[in-house]
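The values are calculated or read from the model by the stated rules, or taken from the named source; none is laboratory data. Everything quoted here is computed from the prediction, not taken from an experiment. Note that we place each Cβ from the backbone using ideal geometry, even for glycine, and neighbour counts take in every protein chain shown.
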Amino acid sequence: MRLSTIVTAALVISLSPSTHADVVAKSAAGFVSKHVLTISASPARVFRALTEDVGRWWNPEHSYSGAAANFSLDARAGGCFCERLKNGSVAHMAVVFVERDSTLRMIGGLGPLQAMAVAGSMTFTLAAADGGGTRLEYEYAVGGYSPDGLQGLAEPVDRVQLGQLQRLQRFIETGNPDAPTAP
């Protein structure tokens, strides 16, 4: 199954009334997506899960291999957010800035953006939250060229990324990244 088909199907499945996408800017030339989550864990625990445990919380529906366990994230400048394939590999993003337990920044395009003439910068900023836990601020800025413009990709990309952030939060707080199923 092609990744674009997987991404489209996952988008349709992931939409629900409780999902709130936050695209703060969009145009034909690009878009910016931002989210803030409060996670019931220390910044050190959140950073460790974000980087070292990515294969345990990443949604396998948003992969080329179909297996989240094939993902790794080398949290150092020049490191790779990569995925192993049966006969190859994918470099999804490159790590350009790391301040352990505080900031992770990567550049690149995820999913269908990778094959386009775009550049993306994704930043995770972690800080102790008032009242305990960690305030995770996420921003993904994408810019470049597409014959049809990039504005139409803003909300779908944002929803997929919000879903990934929610999986990270559930993994940290419960040990299970999957959303609870209705009875």
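Summary of computed values
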item: Filter result for Leu73 (buried (at least 20 other Cβ atoms within 10 Å of the Cβ) and within 15 Å of Gln161 (Cα to Cα)); result: no
item: Among the residues listed as Ala182, Ala94, the single one being among the small types (Gly, Ala, Ser) and farther than 20 Å from Trp58 by Cα; result: Ala182
item: Residue that is farthest from Val54 (Cα to Cα), among those in the stretch 166-183 that are of a type in the set (A, V, I, L, M) and buried (at least 19 other Cβ atoms within 10 Å of the Cβ); result: Ile172
item: Selection from the stretch 32-59 of residues that are surrounded by 17 or more Cβ atoms within 10 Å (Cβ to Cβ), in contact with a Leu (Cβ under 8 Å, 6 or more places away or on another chain) and hydrophobic (A, V, I, L, M, F, W, C); result: Leu37, Ile39, Val46, Phe47, Ala49, Leu50, Val54, Trp57
item: Selection within the stretch 56-90 - closer than 22 Å to Arg159 by Cβ, assigned to a helix (DSSP H, G or I) and of a type in the set (Gly, Ala, Ser); result: Ala68
item: Tabulated pairs, the stretch 134-155, first charged (D, E, K, R), second crowded, with 17+ Cβ neighbours inside 10 Å and in a helix (DSSP H, G or I), C-beta under 8 angstrom, 6+ apart or interchain; result: none
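Per-residue answers, yes or no, for (1) part of a loop (DSSP other than H, G, I, E, B); (2) in contact with a Ser or Thr (Cβ under 6 Å, 6 or more places away or on another chain); (3) at pLDDT below 95; (4) farther than 24 Å from Arg105 by Cβ:
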residue: Arg135; (1), (2), (3), (4): no, yes, no, no
residue: Tyr140; (1), (2), (3), (4): no, yes, no, no
residue: Asp148; (1), (2), (3), (4): yes, no, yes, yes
residue: Val157; (1), (2), (3), (4): no, no, no, no
residue: Leu162; (1), (2), (3), (4): no, no, no, no
residue: Leu165; (1), (2), (3), (4): no, no, no, no
residue: Thr181; (1), (2), (3), (4): yes, no, yes, yes
